[in-house]
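Single-structure report; data block below.
Any read-out appearing in this document is the output of simple, stated calculations on the displayed coordinates, not a laboratory observation. In this text the structure is predicted, and so the values were computed from the model without any measurement. Note that each Cβ is placed from the backbone with ideal geometry, even for glycine, and that neighbours are counted across all protein chains shown.
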Amino acid sequence: MSQEIEIEFKNLLTLEEFTRLTSYFQIEEENFITQDNHYFDTPDYGLKEKRSALRIREKSGVYTLTLKTPLKEDLLETNQPLSKNQTHSLLQEGIFPEGEVKEALNALSISPISLKHFGTLSTTRAEIDYRDGLLVFDKSSYLQKEDYELEYEVKERTSGEAIFLDLLEQHQIPFRVTENKIQRFYTEKLKQDES
């Protein structure tokens, strides 16, 4: 198992802003890699209620089960590698693998048996090193919706935030309060469920 604290800053972008930034940083189409995030929750959104999220990330033939839980103003990620068979069993049959993620879910009083696959968000992503952090350019598609996002992943919150805000200002991009991908997915899913 690996656990890490996720410190990141994010900002939704317009297509024009996304295109301008990728051009400025000389990011070409071949620099983008596609990954699929398969999201899970209980039918009554028990994880969402606990400000937590569960996903399988499928990237370049590698599968990782990740539980994100709140940790002060950041997130604690509990990661567990999965085989292709374990991934298929969880997605298709609801068979939850043994391991640290299952233990962490039990500690949250979320029964792994109650989890359902809610859908998939596909992201085309490019990453570059930028001033002691990782700058991430994401184009995401989910539930007939598409959005563009800039993320900055850092090890230290205060200086990372200053660098990120400075970058936005340099490129005349307004700061936008941006929910994470699972929250945006949930918002769209709930809209569809209501209509």
- Message: Only counting other Cβ atoms within 10 Å, I'd like 52, 83, 114 sorted with the fewest neighbours first.
- Response: 83, 114, 52
- Note on the structure: By the Cα gyration tensor axes a ≥ b ≥ c (a/c under 1.5 gives rounded; else a/b larger than b/c gives prolate, otherwise oblate), the shape of region 153-195 is oblate
- For the chain, compute Rh as the Kirkwood radius over C-alpha pairs and then the Stokes-Einstein diffusion coefficient at 4 °C and 1.567 mPa s; write the answer in µm²/s, rounded to an integer. 73
- If amide H atoms are built 1.01 Å from N in the plane of the peptide, which residues on other chains or at least 5 residues away come under 5 Å of the amide H of residue 13? 148, 149, 150
- Charge dipole (debye, nearest 20) of the chain; +1 at Cβ of Lys and Arg, -1 at Cβ of Asp and Glu: 540
- Mind pulling the angle between the C-alpha long axis of helix 181-194 and the longest principal axis of the chain? Nearest 10 degrees, somewhere in 0 to 90. 60
- Task: Of the listed pairs 155/191; 139/191; 116/155, which have alpha-carbon separations greater than 30 Å here?
- Result: 155/191; 116/155
- Note on the structure: Sorted by chain and then number, the residues having a modelled amide H within less than 5 Å of the amide H of residue 95, at least 5 places away or on another chain, are 90
- Query: By count of other Cβ within 10 Å, fewest leading, how are 182, 95 ordered?
  - Reply: 95, 182
- Task: Enumerate the amide H contacts of residue 75 below 5 Å, restricted to partners 5 or more residues apart or on another chain; note that Pro and chain-start residues carry no placed amide H.
- Result: 6
- Before rounding to the nearest 500, sum -39500 (n - 2.57) across all DSSP H runs of length at least 4 in the chain and divide by the residue total; then give [θ] at 222 nm in deg cm²/dmol. -8000 deg cm²/dmol
- Query: Could you give me the ³J(HN,Hα) list for region 171-179, computed from phi with Karplus coefficients 6.51, -1.76, 1.60 and θ = phi - 60°, whole Hz, x at Gly and Pro?
  - Reply: 9, 6, 10, x, 5, 10, 4, 10, 6
- Among 129-142, 156-169, what's the highest-first ranking by average C-beta atoms within 10 angstrom per residue? 129-142, 156-169
- Item | Residue-wise HN-Hα coupling along region 67-72, computed from phi with Karplus coefficients 6.51, -1.76, 1.60 (Hz; x: Gly, Pro) | 10, 10, 10, x, 9, 6
